[in-house]
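Worksheet: one structure, shown below.
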Amino acid sequence: MRKIELQSKPRRRSIVLAITTFFLASSVLAMSEPPPRHDNALPPGLDSNADQRVDRAEFAEDLQRRFADADSNADGRIDAQELAAAEQRRKARAEMEREQRRLQRLDANGDGVVDSAEFEADGWQQFQKMDVDGDGVVDSSEWHPPGPPPPHPPGRAPRAQR
């Protein structure tokens with residue numbers, strides 16, 4: 001593993017701050033939809049010896065791996081462009097993992113793909129959940145599209161706050 005050399009304390013603080021911010025943001029964003037696992041599971045890849053504990057050596061190894069991933073030109077430093085590219089790669093990996101979990105949920109027969117019958121079965125389950133009164137019709141009072149609520153126009157509070 002290549003050693004990272006830092007010239008001065010202010011520069012070192014700036015780099016440490018940038019890296020810490022990157023990893024904290026990554027952790028927070030990754031928590032938005034964690035993979036299915038038991039309550040106290042450690043993030044994948046962090047516990048390299050699978051003993052359900054992370055020691056200093058494992059943590060240092062993970063930091064080095066993440067730094068190397070972000071330092072695309074291998075100059076021992078991460079600039080804003082590299083940091084942004086690393087974040088995009090992280091988001092793409094998280095999105096792929098999320099879609100893999102979704103595929104597994106939809107793929108009723110386990111063949112690795114979702115056919116129209118599986119897709120429609122899931123859609124009808126969603127319809128039944130939305131049809132709160134069970135009358136076979138989803139009216140405007142029942143309609144809540146999946147996902148986060150849409151953003152409110154600037155300067156206007158959500159209806160509940162007016």
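The values are calculated or read from the model by the stated rules, or taken from the named source; none is laboratory data. This is a predicted model, so every value here is computed, not measured. Don't worry about glycine lacking a Cβ; one is built from the backbone with ideal geometry, like all the others, and counts go over all protein chains shown.
Assorted remarks:
- With respect to the conditions (1) assigned by TED's automatic domain parsing to the domain that holds Arg66; (2) among the basic types (Lys, Arg); (3) modelled with pLDDT under 90, Lys91 falls short on a single one, namely (3).
- First in the stretch 110-132 and in contact (Cβ under 8 Å) with a residue 12 or more places away in the chain and farther than 19 Å from Glu99 by Cα, second anywhere and part of a loop (DSSP other than H, G, I, E, B) and aliphatic (A, V, I, L, M), Cβ under 8 Å, 6 or more apart: Met130/Val138
- For the residues Gly76, Gly110, the requirement of being over 18 Å from the mean Cα position of the chain (by Cα), closer than 26 Å to Pro44 by Cα and surrounded by 12 or more Cβ atoms within 10 Å (Cβ to Cβ) singles out Gly76.
- You will find that of Ala160, Ala117, the residue that is modelled with pLDDT of 90 or more and out of contact with any Phe, Trp or Tyr (no Cβ under 9 Å at 6 or more places or on another chain) is Ala117 and no other.
- Elements of type helices (runs of 4 or more DSSP H) contained in the stretch 40-136, each with 3 or more residues being among the β-branched types (Val, Ile, Thr) and on the phi < 0 side of the Ramachandran plot: none
- Tallying residues that are exposed (fewer than 12 other Cβ atoms within 10 Å of the Cβ) and touching a residue at least 12 places away in the same chain (Cβ under 8 Å) within the stretch 133-145 yields 2.
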